[in-house]
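Undergrad: So that we are looking at the same thing, I have put the structure below in structure tokens.
The values are calculated or read from the model by the stated rules, or taken from the named source; none is laboratory data. Treat the numbers as computed from the prediction; the structure is a model and nothing was measured. Using ideal geometry, Cβ is built from the backbone for each residue, glycine included, and neighbour counts are taken over all protein chains shown.
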């Protein structure tokens, strides 16, 4: 066994290497094209049927609206709730029977965070502006569920990954700070709360904002838009 010891004397073993498979994922409201990971010697069927997790990690993901196949966003990393997946398969297995946007060449990814966004700036009862302190383990994320999109900070415990937090079955609700809740159908800002609990079972997909490389023009994705509003 390959056992390693870090600088603090903690023992750990390397993560199992997996093979990337470009997949087509269909949920009720989205089409996702990206890489999922399979252990060497396993089929995609074996991997998905043996994974006890609640969320499937997808890398180099492009997300489209299921209704009209309009582009929504491109991100280096995405977590998709297993319970929302209606169809999944290898992209190469799909017959090319019509023109589809995900078969077009993708744009070279490049982080697109806005330079002048006012996230994290608050006004107290005396009218004083101040910036909220964000712990180092806080991740600015877009969380989708139904017709709602929540933009805010999710928290990852030291030594954990975002995937680990979302797959923790003990957590019924995910704490978010500086949470802005939008109605996706018309992009209306409904609520802005300094603290909010989001039901884990209601989450469709989660995308860290700093992983997004392209996005349509919607207020709940604070990145420089490269597409027309959808």
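Undergrad: Sort out which residues of the range 178-209 are within 17 Å of residue 222 (Cα to Cα) and within 17 Å of the chain's Cα centre (by Cα), and write them in order of number.
TA: 179, 180, 181, 182, 184, 205, 206, 207, 208, 209
Undergrad: Return the residues of the range 193-208 that are in contact with a helix residue (DSSP H, G or I) (Cβ under 8 Å, 6 or more places away or on another chain), buried (at least 19 other Cβ atoms within 10 Å of the Cβ) and part of a strand (DSSP E or B); say none if nothing qualifies.
TA: Selection gives 205, 206.
Table: residues versus (1) in a helix (DSSP H, G or I); (2) surrounded by fewer than 12 Cβ atoms within 10 Å (Cβ to Cβ); (3) in contact (Cβ under 8 Å) with a residue 60 or more places away in the chain.
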| site | (1), (2), (3) |
| --- | --- |
| 42 | no, no, no |
| 56 | no, no, no |
| 60 | no, no, no |
| 72 | no, no, yes |
| 87 | no, yes, yes |
| 95 | no, yes, no |
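Undergrad: Just to be sure before I move on: is residue 67 loosely packed, with under 14 Cβ neighbours inside 10 Å and either under 21 Å from residue 203 (Cβ atoms) or touching a residue at least 40 places away in the same chain (Cβ under 8 Å) (or both) in the structure I sent? Steps first, please.
TA: Details: loosely packed, with under 14 Cβ neighbours inside 10 Å: yes; either under 21 Å from residue 203 (Cβ atoms) or touching a residue at least 40 places away in the same chain (Cβ under 8 Å) (or both): yes.
For residue 67, the condition - loosely packed, with under 14 Cβ neighbours inside 10 Å and either under 21 Å from residue 203 (Cβ atoms) or touching a residue at least 40 places away in the same chain (Cβ under 8 Å) (or both) - is met.
Undergrad: Right, here's the next one. Looking at the range 105-113, can you tell me whether even one residue there is closer than 27 Å to residue 30 by Cα, at pLDDT 85 or above, out of contact with any helix residue (DSSP H, G or I) (no Cβ under 8 Å at 6 or more places or on another chain) and surrounded by 10 or more Cβ atoms within 10 Å (Cβ to Cβ)? Let's see the steps before the verdict.
TA: Applying the first criterion (closer than 27 Å to residue 30 by Cα) to the range 105-113 yields 105-113.
Subsequent filtering for residues that are at pLDDT 85 or above retains none.
Taking every residue of the range 105-113 in turn, none turns out to be closer than 27 Å to residue 30 by Cα, at pLDDT 85 or above, out of contact with any helix residue (DSSP H, G or I) (no Cβ under 8 Å at 6 or more places or on another chain) and surrounded by 10 or more Cβ atoms within 10 Å (Cβ to Cβ).
Undergrad: Scan the range 172-191 residue by residue and report those that are exposed (fewer than 14 other Cβ atoms within 10 Å of the Cβ) and more than 13 Å from residue 144 (Cα to Cα).
TA: Answer for the range 172-191, where residues must be exposed (fewer than 14 other Cβ atoms within 10 Å of the Cβ) and more than 13 Å from residue 144 (Cα to Cα): 172, 173, 186, 188, 189, 190, 191.
Undergrad: Among the numbered conditions (1) modelled with pLDDT under 65; (2) over 22 Å from residue 197 (Cα atoms), tell me where residue 119 comes up short.
TA: (2)
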